[in-house]
Amino acid sequence: MDFVKNTLAVFPALLQAVPVVVQLALGAMAIALVLGLLVALARISSIKILRGIATVYLEVIRGTPLLVQLVYIFFVLPSIGVSIDPVPAGILGLGLNYAAYLSEVFRSAILSVEHGQTEAALSLGYTPSKTLWKVVIPQSFVVSMGPIGNYFIAMIKDTALTSVIAVTEILKTANILNSQTFQTTAIYTAAAILYLIISLPLSRVVVVLERKARASG
Amino acid sequence: MADETIIDVRDVHKTFVSDTRPTLWQRLTGKPHVQKRVEVLKGVDLVVHRGETIAILGSSGSGKSTLLRCVNKLETIDAGRIYVNGHLIGYEERDGELIAEKASVTAQKRTDIGFVFQHFNLFLNKTALGNVMAPLRDVKKLSAAEAREIAVPNLEMVGLGDKMDNYPSKLSGGQKQRVAIARALAMEPSVMLFDEPTSALDPELVGEVLAVIKKIAQQGTTMVIVTHEMQFARDIADRIVVMDQGVIVEEGPPSRIFTAPQHPKTRALLSRSGILPA
Ligand SMILES: Nc1ncnc2c1ncn2[C@@H]1O[C@H](COP(=O)(O)OP(=O)(O)OP(=O)(O)O)[C@@H](O)[C@H]1O
Ligand SMILES: [Mg+2]
């Protein structure tokens, strides 16, 4: 029973890292939602340059590992005079990365809103842009709810990657503990369980959100 | 004025050009790509007066929907002019020249034209009440209280006072169409356009929607209705318009059209629907 006792003993230290994880996840998600929507709109816009920029952004982000992007922001940008602290750098890196994936969620959700509703809005006197913002985008949010939730959970797990850019989140905290006490099994088991404790309830929430979205649609 | 003109369609032409992008095979072989062009409206003239109910009949593909959609610029005409309440649709006229108007101006003109679609096209993320309130708030900029004050009686008028909080997924087809009618009416347009409002409904739900349309007609609303419901057209229309292959072939009061049709296409249409002996 030593193993269980040792594992439980690690939790208080690891819990210290949870506020940082929350900060990373919420901050990055805010960036990803706003930027993701903008990229999605750029991708379906009739302006060629906007479409081009958005496509390049998407390909660069999806074609390189998140770990490399984080390292780039934290270690390479200072060489051109842009130094960012670990936590903001982590928020920025995660946010820019997930924006690309969320933009695809938004884009397909926007395109999935039936044309009939767009025509109804136009026929009622909505301008094209008002139709987009008042009719199409609100509905695409409903459709996107589930996928956004799933990406949010994935992002929480990806916060572990920011340990390489000196963010003292759960994994980094575990690493530090391990170098002090060498209770490797107990420490990393506790870390894994902590991620589970965070993500399992969120998964349930996502399932409920998806069911709600389907019911109103 | 008894014969004030609400809709004035003058020599309207509309051609649909199908996708013009050549296929890969056509590019590889250098074969010329033949654009498919269909002339759907070939010079249509139609005048609708205030308070009139017009029914447009015609076989499938004759251009009825296209004509209706041109009137509120869901389709853009190639030639001719359409005036609604004296306003030219889609263009501004300056020194006798037509200049395409801004989208916001088109939107403004559309608030004066109610349109009811075959497939209802309700906003799926809004309740029945939400659907009727939305354009009042978003387009007419009314407060929630003001919008509700207008929306509720309109929903009651179409018999849905007890279904106001239902989402479209919890409404029958007939109920959805009645919400769509209430939504359009609540904007207080000068004219209501109906494009086959009962064609997508199960037969047992057709009656409730036709009853609502009849009620609106009897209140003196100006309306144009495209329909395949011959008896209904005969019952409520002041004038029947028969279209065939992009032109109006015949128009007149139902009493004459249904008993003494002049044009062979009208006769064919009526005998196909069992109104005239074949
Ligand atoms: N967006 C479009 N692109 C190309 N062709 C079109 C388009 N819309 C309609 N058409 C064609 O125009 C013709 C007239 O169509 P329209 O929908 O106006 O007929 P309709 O009289 O309303 O027929 P129905 O009774 O079947 O509704 C048809 O041949 C149709 O295929
Ligand atoms: Mg039609």
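The values are calculated or read from the model by the stated rules, or taken from the named source; none is laboratory data. Bear in mind the structure is a predicted one, so any value in this text is a computation, not a measurement. Cβ sites come from the backbone with ideal geometry, for glycine too, and all protein chains shown count toward neighbours. Just the protein is used for accessible areas: all its heavy atoms, side chains included, with ligands, DNA and RNA removed. Shrake-Rupley method; radii C 1.70, N 1.55, O 1.52, S 1.80 Å.
In table form, for the structure just shown:
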| item | result |
| --- | --- |
| Sulfur and carbon atoms: percent of accessible area, chain B [1.4 Å] | 49 |
| Options B:139, B:40, B:80, ranked by Cα towards positive dipole end of chain B, top entry (Cβ charges) | B:40 |
| Probe 1.4 Å, protein heavy atoms only - accessible area per residue of region B:217-278 in square angstrom | 47 |
| Rounded, prolate or oblate (a/c below 1.5 giving rounded, otherwise prolate when a/b exceeds b/c) for chain B by Cα gyration tensor | rounded |
| Complex-versus-alone comparison for region B:89-127, residues with a loss of 20 Å² or more in accessible area, probe 1.4 Å | B:103, B:107, B:110, B:117, B:121, B:123, B:124, B:125 |
| Overall dimensions of region B:106-206 as given by Cα atoms, namely Rg and Dmax in Å | 12.8, 39 |
| Cβ neighbours within 10 Å from other chains - mean over B:128-139 | 3 |
| Candidate residues B:92, B:196: accessible-area rank, largest first, probe 1.4 Å | B:92, B:196 |
| DSSP bridge pairs, the protein assembly as shown: antiparallel proportion in percent, nearest 5 | 60 |
| Cα convex hull of region B:143-278 - mean projected area over all directions, nm² | 9.7 |
| Links that overshoot a 29 Å alpha carbon limit, given the list B:109/B:214; B:36/B:126; B:126/B:215; B:36/B:73; B:31/B:73; B:109/B:176 | B:36/B:126; B:31/B:73 |
| FRET efficiency for residue A:112 and residue B:79, using Cβ-Cβ distance with R0 set to 45 Å, rounded to 0.05 | 0.80 |
| 10 Å Cβ neighbours from other chains, averaged over peptide B:180-188 | 1 |
| Environment charge of residue B:102, counting only residues whose C-beta is closer than 15 Å and scoring Lys/Arg +1, Asp/Glu -1 | +2 |
| Calculated Rg and Dmax of the protein assembly as shown using C-alpha coordinates, Å | 30.4, 102 |
| Whether region B:15-80 is rounded, prolate or oblate, judged on the alpha carbon gyration tensor where a/c under 1.5 counts as rounded | prolate |
| Ranked by how many other beta carbons lie within 10 Å on average, peptides B:109-115, A:78-84 from highest | B:109-115, A:78-84 |
| Loss of accessible area when A meets B, both sides summed, Å² nearest 100, probe 1.4 Å | 2000 |
| Pairwise centroid distance, computed over Cα atoms, of region A:108-179 with region B:96-140, Å | 29 |
| Mean projected area (nm²) of the alpha-carbon convex hull when region B:171-221 is viewed from all directions | 3.4 |
| Computed Kirkwood radius, in angstrom, where 1/r is averaged over Cα pairs of region A:95-176 | 15.0 |
| Carbon/sulfur fraction of accessible area - chain A, other protein chains in place, 1.4 Å, % | 70 |
| At least 20 Å² of accessible area lost relative to the chain alone, listed for region A:176-216 with a 1.4 Å probe | A:215, A:216 |
| Averaged over A:124-137, number of beta-carbon atoms from partner chains that fall within 10 Å | 6 |
| Burial order of peptide ranges A:36-49, B:163-176, A:89-102 (average beta-carbon count within 10 Å, highest first) | A:89-102, B:163-176, A:36-49 |
| Prolate/oblate/rounded call for chain A, Cα gyration tensor, a/c under 1.5 rounded | oblate |
